[in-house]
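Q: Shown below is the structure under consideration.
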Amino acid sequence: MAADPAVPEAVSSGNPPPSGWRSTRDYFLAGLVASGFAVAFSEMLASFFVSAPSLVLTIGQRFIDITPAALKDWAIAVFGTNDKAVLIGGIVVVTIIIGGLLGVVARKRMELAAIGFVAFGVLGYALGITDPLATAGATLIPAVAAAVSGIAVLVLLRRLLQGPAAEGTDPVPAVSPDSRRAFMTASGAAVVLAAGQVVIGRLAADRTQSVVAAREQVTLPTVAASPTTTAAPAATTTAATAAAVEEAPVTEATTTTTRAVEEVVRTVADPTPAQIAQVEGVSELITPNETFYRIDTALSIPNVDLDTWEVSFTGLVDSPFSLTYDELTALPMVERYITICCVSNSVGGDLIGNAKWLGVPLKDLVERAGVRPEGTQLIGRSVDRFTVGFPTEAVFDGREALLAIGMNGEPLPVKHGFPARLVVSGLYGYVSATKWLSEVEFARWEDFDAYWIPRGWAKEAPIKTQSRIDTPRPGTVQVGTQAIAGVAWAQTRGIEMVEVQVDGGPWMEAILPEELTIDTWRQWHLEYDFTPGAHTIAVRATDGTGTTQTSEIVPPRPDGATGYHTIQVVGV
Ligand SMILES: Nc1nc2c(c(=O)[nH]1)N[C@H]1C(S)=C(S)[C@@H](COP(=O)(O)O)O[C@H]1N2
Ligand SMILES: [Mo]
C-alpha cells in the first residue's frame, strides 16, 4: 500500500477541510504528547526501582562526561550552578521535540514512528546500563516503558485524528471536527496523566533514595562509646584475614581488632571564643553542613547500598584489602578541622567551606595496604566513576589526610559523599576529595590522569594562599566606623597576617583571632572610618611561611585563581 500524498483530504461535514499544515501540526502535537507521556512514565517507573536508572539522567550524565571542556566551561559561565537543571531540561525538551517529529512521520507511516520510539528505548537502555549503580535487568523497565507507552499513546491519538472510517484504509487521514475534539481531549488527558506521573515519580524517588534512610540509621563512633556493633570487630578480623592471604601474619589481624575495640575517637575541641571573630557579616568559622558548597559532576546523588558498599585499597600495593562500612567505622578515628575548596573558585568566590571531619587517617590505611615505591599516585575512585589523583607523598608528608565518614558531628551528608570520602588538606577538591568513595588505587604518576586532567586542569593542584572580604558587601556602606572583615586561607601553611588597603593607601594589618589550625581558614577583621563617596577595598594574606599571596590576576583554570580580592563601596 503505497502512500499517495496527492490524495485530497476527506470532508466529513459542512466545515472546510483542515489544511495540510494544520493536520501536520496535529500530528506533531500527537508526537509531543506521546513522547512527553513516555518520558514521564519511564521516569516514574525508574524512580520505583533502586537499580533502574533514570534515562534522562543517564543521558545527561554521559553528556557531561563527553562534553568538551570548553563547552562545559561555557555552560557553567552562562547558567552558573543551574547548569545541571538546564541540561536536564534541555534533554527533556529535545526528546519531546524528536517525539513530535515522529508524530509527523506517523501521519503516513506509523511503523516508522514506532521504530523511532523503539530506537529511543534501545538508546536509553544502552546508556542506562552504563550507570554504575544500575542492573541490566532493571534497566529494561524504564527503556521498555518509554518505547511501549510512547507507541501506545501515539497509536491512540493517531486513530482519533484519522477517525474510525479512515482507519486502515486511507493513508492520508482526514480530521473531522468530532475526532479532532476527541483528539484534543485525549491529548489533554495524556498530558495531565504525564504530569501526575512526574509528581508520583518525584515522591517515589525520595523514598527509593534508600541511602537517605540508611544514613539516618548510622550512629557515628564517639569518644564515649567504643565501636557500636559487636559484629564490626569480628568482620574486621575477616577482612584482615582475607588480606593476610597475601602475607600479613594472623596475629597482626588480631592486633587490628583489639585496637579497633579499645581505641576511642580522638576528638578535637570546639573552637574557643578567642578563635572566633565576633564581627557581623564574616563567614562562620565552621561552615554548617546545610550551607556548605557543593561541587560535583553527579546529576543524581549516588544511591549507595550501605549493605554491599565497600572501599578497597588496590593497585601497586603488597596487601590489597577492602572494608565494609561497619569495618571502616570500627577503625580508630580522628577528628580534624580542614577547610576544603574548589579550584574553580574565583577570587572572592564562595566555593570554599570549613568543617570538622571525622575519619581514619589515610596513612594508617595506606600503610596497611603496603603501597609499593612505584605507586607514586593515589587514585580516589567514586562509585559514580569520578576520579581524583594526587602524589602518594601527600599521605606521608605530615599533612592531614582523612578517609572521612563524618562532617560536623553527623554522618557525611549524602551530597557531601556518604558513606565515605577523601579529605586532604592543602589540595584542591578535584585532585583529592573523592565523594562516594569506592576505591583507593595506587598507580605510577605518569600512568593515570584523573577525571579533570584531560579536561584542561593541572595534574598537581596545591591550594594557593587566598583571602576574601565578606563585609562590607559591594554597594553602599554607612559613613563612620565600620568593620571590614573576611577569611583567609593557606591550608597546611596557616595564615600569619592579613592586610587591608583602602583607596590605594597604606596596607593596614587586620586583627586575627587565635588560629584554629593551619588547615583551616582564618577570620580577620579591622575597623575602618568610612568617609562619604566611592572607596576601593583590597585584601591580601601572608601564609605561615611568610609568603604573601600574589597580586597577579589569573583565572581558575588550570590550577586556581590568584589576585587580590577587591571590592567597591560607596559611603553614604
Ligand atoms: N564523586 C565525586 N567526588 C568529587 C567531585 C565529583 O565531581 N564527584 N568533585 C570534587 C570537587 S571538584 C570538589 S571542589 C569537591 C567538593 O566537595 P563538596 O561538594 O563536599 O564541597 O568534591 C570533589 N569530589
Ligand atoms: Mo572543585
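The values are calculated or read from the model by the stated rules, or taken from the named source; none is laboratory data. Just so we're clear, the structure is a prediction, and the values are computed from it rather than from any experiment. As a convention, Cβ positions derive from the backbone with ideal geometry for all residues, glycine included, and neighbour counts pool all protein chains shown. For accessibility, only protein heavy atoms count, side chains too; no ligands or nucleic acids. Shrake-Rupley method; radii C 1.70, N 1.55, O 1.52, S 1.80 Å.
Q: Return the only residue of Arg473, Arg455 being modelled with pLDDT under 95, charged (D, E, K, R) and open to solvent by 20 Å² or more (accessible area, probe 1.4 Å).
A: Selected residue: Arg455, the only one of Arg473, Arg455 that is modelled with pLDDT under 95, charged (D, E, K, R) and open to solvent by 20 Å² or more (accessible area, probe 1.4 Å).
Q: Of the residues Arg180, Arg207, Arg202, Arg158, which is at pLDDT 85 or above and not polar (S, T, N, Q)?
A: On the way: Arg180 fails: at pLDDT 85 or above; Arg207 fails: at pLDDT 85 or above; Arg202 fails: at pLDDT 85 or above.
None of the other options fit; the residue is Arg158.
Q: Please specify each residue of the range 499-529 satisfying the condition of being basic (Lys, Arg) and open to solvent by less than 20 Å² (accessible area, probe 1.4 Å).
A: none
Q: Is it the case that the range 538-555 has a residue that's out of contact with any helix residue (DSSP H, G or I) (no Cβ under 7 Å at 6 or more places or on another chain), under 24 Å from Val477 (Cβ atoms), among the hydroxyl-bearing types (Ser, Thr, Tyr) and not in a loop (DSSP other than H, G, I, E, B)?
A: Looking through the range 538-555, none of the residues is out of contact with any helix residue (DSSP H, G or I) (no Cβ under 7 Å at 6 or more places or on another chain), under 24 Å from Val477 (Cβ atoms), among the hydroxyl-bearing types (Ser, Thr, Tyr) and not in a loop (DSSP other than H, G, I, E, B).
Q: Only residues in the range 492-504 that are within 22 Å of Ala461 (Cα to Cα) count as the first member; pair them with residues that are of a type in the set (A, V, I, L, M) and open to solvent by less than 50 Å² (accessible area, probe 1.4 Å), Cβ under 6 angstrom, at least 6 apart or cross-chain, and list the lot.
A: Ile495/Ala488; Ile495/Ala541
Q: Is it fair to say Val86 is among the hydrophobic types (A, V, I, L, M, F, W, C) and either under 27 Å from the mean Cα position of the chain (by Cα) or modelled with pLDDT under 90 (or both)? Show your work before the answer.
A: Numbers: among the hydrophobic types (A, V, I, L, M, F, W, C): yes; either under 27 Å from the mean Cα position of the chain (by Cα) or modelled with pLDDT under 90 (or both): yes.
Considered against the rule, which asks whether it is among the hydrophobic types (A, V, I, L, M, F, W, C) and either under 27 Å from the mean Cα position of the chain (by Cα) or modelled with pLDDT under 90 (or both), Val86 comes out as yes.
Q: Looking at the range 309-345 only, could you name the residues that are surrounded by fewer than 23 Cβ atoms within 10 Å (Cβ to Cβ), of a type in the set (Gly, Ala, Ser) and away from ligand 2 (no atom under 16 Å from the Cβ)?
A: Ser312, Gly315, Ser319, Ser322, listed by residue number.
Q: From the list Glu527, Glu496, Glu514, which residue is in contact with a Gly (Cβ under 7 Å, 6 or more places away or on another chain) and modelled with pLDDT of 95 or more?
A: After applying the criteria, what remains is Glu496.
Q: Only one residue in Ala450, Ala461 is touching an Asp or Glu at 6+ places or on another chain (Cβ under 9 Å), of a type in the set (A, V, I, L, M), within 13 Å of ligand 1 (Cβ to nearest atom) and open to solvent by less than 10 Å² (accessible area, probe 1.4 Å), so which one is that?
A: Matching residue, one of Ala450, Ala461: Ala461.
Q: For the range 367-390, enumerate the residues that are open to solvent by less than 30 Å² (accessible area, probe 1.4 Å) and closer than 18 Å to Asp449 by Cα.
A: Gly375, Gln377, Leu378, Ile379, Gly380, Ser382, Val383, Thr387, Val388, Gly389, Phe390
Q: Now for a separate question. Kindly indicate whether Trp452 is within 16 Å of ligand 2 (Cβ to nearest atom) and not charged (D, E, K, R).
A: Values: within 16 Å of ligand 2 (Cβ to nearest atom): yes; not charged (D, E, K, R): yes.
Yes, satisfied.
Q: Return the pair list, or none, for Cβ contacts closer than 8 Å from residues in the range 435-454 that are on the phi > 0 side of the Ramachandran plot to residues that are among the small types (Gly, Ala, Ser) and within 15 Å of ligand 2 (Cβ to nearest atom), at least 6 apart or on different chains.
A: Trp436/Ala298; Trp436/Ser382; Trp436/Gly417
Q: Would you pick out the residues in the range 367-403 that are small (Gly, Ala, Ser) and within 16 Å of ligand 2 (Cβ to nearest atom)?
A: Hits for the range 367-403 are Gly380, Ser382, Gly389.
Q: Scan the range 426-435 and tell me whether some residue there is among the hydroxyl-bearing types (Ser, Thr, Tyr), at pLDDT below 95 and either within 14 Å of ligand 2 (Cβ to nearest atom) or open to solvent by 10 Å² or more (accessible area, probe 1.4 Å) (or both). So that I can check it myself, show each step before the final result.
A: First, pick out the residues of the range 426-435 that are among the hydroxyl-bearing types (Ser, Thr, Tyr): 428, 430, 432, 434.
Next, from what is left, pick out any that are at pLDDT below 95: none.
Within the range 426-435, not a single residue is among the hydroxyl-bearing types (Ser, Thr, Tyr), at pLDDT below 95 and either within 14 Å of ligand 2 (Cβ to nearest atom) or open to solvent by 10 Å² or more (accessible area, probe 1.4 Å) (or both).
Q: Still on this structure: Inspect the range 373-392 for any residue being modelled with pLDDT of 95 or more, polar (S, T, N, Q), under 22 Å from Phe442 (Cβ atoms) and within 12 Å of ligand 1 (Cβ to nearest atom) and give the result as yes or no.
A: Within the range 373-392, one or more residues are modelled with pLDDT of 95 or more, polar (S, T, N, Q), under 22 Å from Phe442 (Cβ atoms) and within 12 Å of ligand 1 (Cβ to nearest atom).
Q: Residue under question is Ala538, and the condition is that it be touching a Phe, Trp or Tyr at 6+ places or on another chain (Cβ under 8 Å) and closer than 22 Å to Val343 by Cα; does it hold?
A: Values: touching a Phe, Trp or Tyr at 6+ places or on another chain (Cβ under 8 Å): yes; closer than 22 Å to Val343 by Cα: yes.
Yes, satisfied.
Q: For the range 346-355, give me each residue that is surrounded by fewer than 20 Cβ atoms within 10 Å (Cβ to Cβ) and near ligand 1 (Cβ under 8 Å from one of its atoms).
A: Leu351
This table checks each residue for (1) among the polar types (S, T, N, Q); (2) outside any loop (DSSP other than H, G, I, E, B).
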position: Ala277; (1), (2): no, no
position: Val282; (1), (2): no, no
position: Asp307; (1), (2): no, no
position: Ser312; (1), (2): yes, yes
position: Asn345; (1), (2): yes, no
position: Trp357; (1), (2): no, yes
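Q: Against the definition (within 16 Å of ligand 2 (Cβ to nearest atom) and in a loop (DSSP other than H, G, I, E, B)), how does Gly353 come out, yes or no?
A: So Gly353 fails the test.
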